[in-house]
1. Set the Förster distance to 25 Å, then compute FRET efficiency between D244 and A302 from the Cβ-Cβ distance, nearest 0.05.
2. Take the Cα of D220, step 7 Å along the line toward its Cβ, and report every residue of the stretch 246-267 whose backbone nitrogen sits under 19 Å from that point.
3. Using just the alpha carbons, could you tell me how many Å³ per residue the convex hull of the stretch 38-92 encloses?
4. In cubic angstrom, how much convex hull volume per residue do the alpha carbon atoms of the stretch 285-348 span?
5. Given Cα pairs under 8 Å that are at least 6 residues apart, what percent is the relative contact order of the chain?
6. Could you state the principal axis extents of the C-alpha atoms in the stretch 186-270, from the largest down, to the nearest angstrom?
7. What list of whole percents do you get for P(r) of the chain, with Cα-Cα distances grouped in 10 Å bins up to the one holding the largest distance?
8. Cα centroids of the stretch 314-378 and the stretch 202-233: how far apart, whole angstrom?
Amino acid sequence: MRRSLIAAAAAIAITGVANAQPEPSLIESVSKIAFGDDGTLFLADWRAGKVHSLNVPDPGPQIDDLFNLVDFGTRLEHVARSRDVTVEAIAVSPKTRRVFVAAAVGKERRPLLVSVSPRGDIEQIALRPSKSIPLSDPPRSSDSFWQRVPHRSLTITDMKYFDARLYVAGIVNTSFASALRVIDPSGDGHSTATIEIYHTTHDQIETRAPIRAMAFATLDGEPSLIAAYMCTPLVTIPLDRLIDGAHVRGITIAELGYGNNPLAIVDFSQATPTGSTPALLVVNDQRSAQVVTINAVARATARGALTTRVPVGRVEGVDLTDAPISNSVAIDRYSDGFFVIVRRTPRTGELQLVTVDTAAKLRLSDFVSEYNFSDFPLAKINQGQITKMRQEGFPVDINGNR
């Protein structure tokens, strides 16, 4: 199959690279990034135990084109001047729709921040914070889990901006380690609440393992945080409980499946036969993504917490739908109709940066089906498929060479 987008990709420019050299930085590492409403980029620095604010360049008017960068990994390695690059997070600028990618480079895990346009223009962003907020009581242990995961790397496991506040999940330097910090970006301080949950697969109260992914919603009139943990309990926490010094028990409302790390929770509008409904996409590292509606989360919260063990392999507590989004590295909501995903192809491991629509939650070009054969009647291909072909960078005809 001739892929027109590959040919087009050959002409894509990479900017800000020719003279780019690693330079001393106040930023020591990166794990998560998030945008504020005004376009300020917040960067989580687990080594320094800080959250940095950056005033990133605004490249111009809002961009609404879609992403089909199937060779993104090669391009990112060129910018990093290394083949050892790990993507840590992505975030979409609320002003320009430009995608920002944070990565760790080399054995020393040097932080790298770039912005990427749908055309494939990549610009390296200087790591010069306009402000840095130290986190109280960060972990100080030099130990590692499994001899490869630094204990301190759990200082910040997720970070989200909501209602003019920055919510930072991770651990602190106490035996009751799981914590949520709430930062007012206009000030210099923050509050810290420690969090415990009942883990439905482990059948125990847990106070150390941190939140891995989170989102926000109003549940029966109460602004709430929705959190997912390793192996994979789903928990809700009313935001008004997150006061400084509080010990909070989350409401475990569901078990989404064992042997898994949730990578992200992304809010979006799920299409329904009569319109749409607010929903969450839970993106996982060991299974396909899962969709749960906010209404389902609200009903489960109203029923109360699960308090007994859920057998291994069972999903319980909320109705959900599987979505064919897998092999994800990082994800964000790109627009009302699309997610943007950094992912690896399952057969070759190539790193891609692509958009996926929120309705079907798949890319046609990931599959070869009956429709792709040259003698399949074009008249039987519906308008939705034709639209998706165009969105993915292919001509109207399915093979691109008819």
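1. Efficiency, rounded to the nearest 0.05: 0.35.
2. Of the residues in the stretch 246-267, 249-255 have backbone N under 19 Å from the label point off D220.
3. Roughly 127 Å³ of hull volume per residue.
4. Considering the Cα atoms of the stretch 285-348, their hull volume per residue is 124 Å³.
5. Once normalised by length, the contact order is 13 percent.
6. Sorted from largest, the Cα extents of the stretch 186-270 read 40, 33, 24 Å.
7. In order of increasing distance, the bins hold 4, 22, 32, 26, 12, 3, 0 percent.
8. 25 Å
Values quoted throughout were computed directly from the atomic coordinates according to the rules given, and no laboratory measurement underlies them. Being a predicted model, the structure only gives us computed values, none of them experimental. Glycine gets a Cβ as well: all are built from the backbone with ideal geometry, and neighbour counts include every protein chain shown.
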